[in-house]
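Asker: First the structure, then my questions, so here it is.
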Amino acid sequence: MNVLRDRPKLDVKAVEAFFNEGLKHSPDRETTLAHAAAALWYLDQGEIRVWDPKKDEVNTSSKLAIIEFFRASGAVSLDSGCFEYFDKLPPKSRDSLKGVRTVPGAIARYGSFIEPGVVLMPSFVNIGAYVGKGTMVDTWATVGSCAQIGCDVHLSGGVGIGGVLEPAQAKPVIVEDGAFLGSRAIVVEGVRIGKRAVLGAGVILTASTKIVDVRGGETKVTTGYIPENCVVIPGAVPKSFPSGEFQVPCALIIGTRSASTDLKTSLNDALRDHQVAV
């Protein structure tokens, strides 16, 4: 097991330089592992992120570090309480989950970062993911590798947030502050959910899913991004195939969550007014 519990001797700049340039020079396995393990420690502590919110860009060096770590590591048996795993990474330590409520059955993998104030019901958070303070990850919800979840987000029961690890330059799934995702909603392939947006139960969003805004006189069709404050429900649009015309899933933007200082009241009103199931 090559993971680190204490601060690495390699600093962040040395690690980033290695994965931006050093990999081109075919380093040996041990050198690669040393730099990868250091990168994972910085990810685990939240000192670096897969996605830089200030620049709105992917930190490709951190994703390369994860990829190279798995490539160069072997799996080992891991004891975790009454469970035994066979993997290349252990769960996060309690020391790196200070201020986080973890209900039995919750698993956060080493190399993810979870801010104080988060509640993890029986759920799974994968490597490279970032979960902001005040967020609820509800029962059986999954936060995939490198996914970026903002502050005060609610991921309802069974929500699936997809992982985007490869290629290294690909944007992860991003859910911005205050968003609410209803039960069994699925967001994958680098789709971005804007601040305070509301997804109804069962909404499925992939990179190619049509997002149809029906709030105005004319429908507007986009992909890949739900604007902030939007209320979204599952829908369907016709599509022609060689054997005939069929309905394929889409996401319908049917309303707007009001700008209010009391966001909880605003959310409840939006759900009630638009009869959105969560």
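The values are calculated or read from the model by the stated rules, or taken from the named source; none is laboratory data. These numbers come from a predicted model, not from an experiment. Note that each Cβ is placed from the backbone with ideal geometry, even for glycine, and that neighbours are counted across all protein chains shown.
Asker: Can you work out which of the residues in segment 4-29 that are assigned to a loop (DSSP other than H, G, I, E, B) and hydrophobic (A, V, I, L, M, F, W, C) is nearest to Cys146 (Cα to Cα)?
Answerer: From segment 4-29, those assigned to a loop (DSSP other than H, G, I, E, B) are 4-11, 21, 26-28; that's our starting set.
Remaining after also requiring hydrophobic (A, V, I, L, M, F, W, C): 4, 10.
On the way: Leu4: 19, Leu10: 22 Å.
Going through the qualifying residues, I end up with Leu4.
Asker: Ala72: surrounded by 14 or more Cβ atoms within 10 Å (Cβ to Cβ), out of contact with any Leu (no Cβ under 6 Å at 6 or more places or on another chain) and of a type in the set (Gly, Ala, Ser), yes or no? Break it down stepwise before answering.
Answerer: On the way: surrounded by 14 or more Cβ atoms within 10 Å (Cβ to Cβ): yes; out of contact with any Leu (no Cβ under 6 Å at 6 or more places or on another chain): no; of a type in the set (Gly, Ala, Ser): yes.
For Ala72, the condition - surrounded by 14 or more Cβ atoms within 10 Å (Cβ to Cβ), out of contact with any Leu (no Cβ under 6 Å at 6 or more places or on another chain) and of a type in the set (Gly, Ala, Ser) - is not met.
Asker: Right, another one. For segment 30-51, state whether one or more residues are assigned to a strand (DSSP E or B) and either loosely packed, with under 13 Cβ neighbours inside 10 Å or among the hydroxyl-bearing types (Ser, Thr, Tyr) (or both).
Answerer: The first filter runs over segment 30-51 and keeps only residues assigned to a strand (DSSP E or B), leaving 51.
With either loosely packed, with under 13 Cβ neighbours inside 10 Å or among the hydroxyl-bearing types (Ser, Thr, Tyr) (or both) added as a condition, the list becomes none.
The answer is no; no qualifying residue exists.
Condition check ((1) outside any loop (DSSP other than H, G, I, E, B); (2) more than 24 Å from Val50 (Cα to Cα); (3) modelled with pLDDT under 95) across all residues:
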residue	(1), (2), (3)
Lys195	no, no, no
Val212	yes, yes, no
Val232	yes, yes, no
Phe246	yes, yes, no
Ser260	no, yes, yes
Leu267	yes, yes, yes
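Asker: Among the residues of segment 1-11, is there at least one that is of a type in the set (S, T, N, Q), at pLDDT below 95, loosely packed, with under 15 Cβ neighbours inside 10 Å and not assigned by TED's automatic domain parsing to the domain that holds Val125? So that I can check it myself, show each step before the final result.
Answerer: Taking segment 1-11 and keeping what is of a type in the set (S, T, N, Q), we get 2.
Pick out the ones that are also at pLDDT below 95 and you get 2.
Next, from what is left, pick out any that are loosely packed, with under 15 Cβ neighbours inside 10 Å: none.
The answer is no; no qualifying residue exists.
Asker: Looking for something in a loop (DSSP other than H, G, I, E, B), buried (at least 21 other Cβ atoms within 10 Å of the Cβ) and touching a helix residue (DSSP H, G or I) at 6+ places or on another chain (Cβ under 7 Å) - is there at least one such residue anywhere in segment 156-177?
Answerer: no
Asker: Now for a separate question. Given the criteria buried (at least 18 other Cβ atoms within 10 Å of the Cβ), farther than 21 Å from Leu252 by Cβ and free of Cβ contacts under 8 Å to residues at least 24 places away in the same chain, does Ala141 qualify? Spell out how you get there, then give the answer.
Answerer: Numbers: buried (at least 18 other Cβ atoms within 10 Å of the Cβ): yes; farther than 21 Å from Leu252 by Cβ: yes; free of Cβ contacts under 8 Å to residues at least 24 places away in the same chain: yes.
So Ala141 fits the description; yes.
Asker: So which pairs qualify, if the first residue must be in segment 230-250 and free of Cβ contacts under 8 Å to residues at least 40 places away in the same chain, the second must be surrounded by fewer than 11 Cβ atoms within 10 Å (Cβ to Cβ) and acidic (Asp, Glu), the Cβ gap must be under 8 Å, and the two must be at least 6 apart or on different chains?
Answerer: Here the result reads Pro238/Glu245; Lys239/Glu245, each pair linking segment 230-250 to a residue that is surrounded by fewer than 11 Cβ atoms within 10 Å (Cβ to Cβ) and acidic (Asp, Glu).
Asker: Please pick out the residue among Gly224, Gly255 that is among the small types (Gly, Ala, Ser), in contact with a helix residue (DSSP H, G or I) (Cβ under 9 Å, 6 or more places away or on another chain), surrounded by 11 or more Cβ atoms within 10 Å (Cβ to Cβ) and within 20 Å of Gly178 (Cα to Cα). Steps first, answer last, please.
Answerer: Numbers: Gly224 fails: in contact with a helix residue (DSSP H, G or I) (Cβ under 9 Å, 6 or more places away or on another chain).
Residue meeting the stated conditions: Gly255.
Asker: Ok, one more. Name the residue, out of Asp95, Asp152, that is more than 30 Å from Pro27 (Cβ to Cβ) and touching a helix residue (DSSP H, G or I) at 6+ places or on another chain (Cβ under 9 Å). Outline the logic, then answer.
Answerer: Details: Asp95 fails: touching a helix residue (DSSP H, G or I) at 6+ places or on another chain (Cβ under 9 Å).
Going through Asp95, Asp152 in turn, just one is more than 30 Å from Pro27 (Cβ to Cβ) and touching a helix residue (DSSP H, G or I) at 6+ places or on another chain (Cβ under 9 Å): Asp152.
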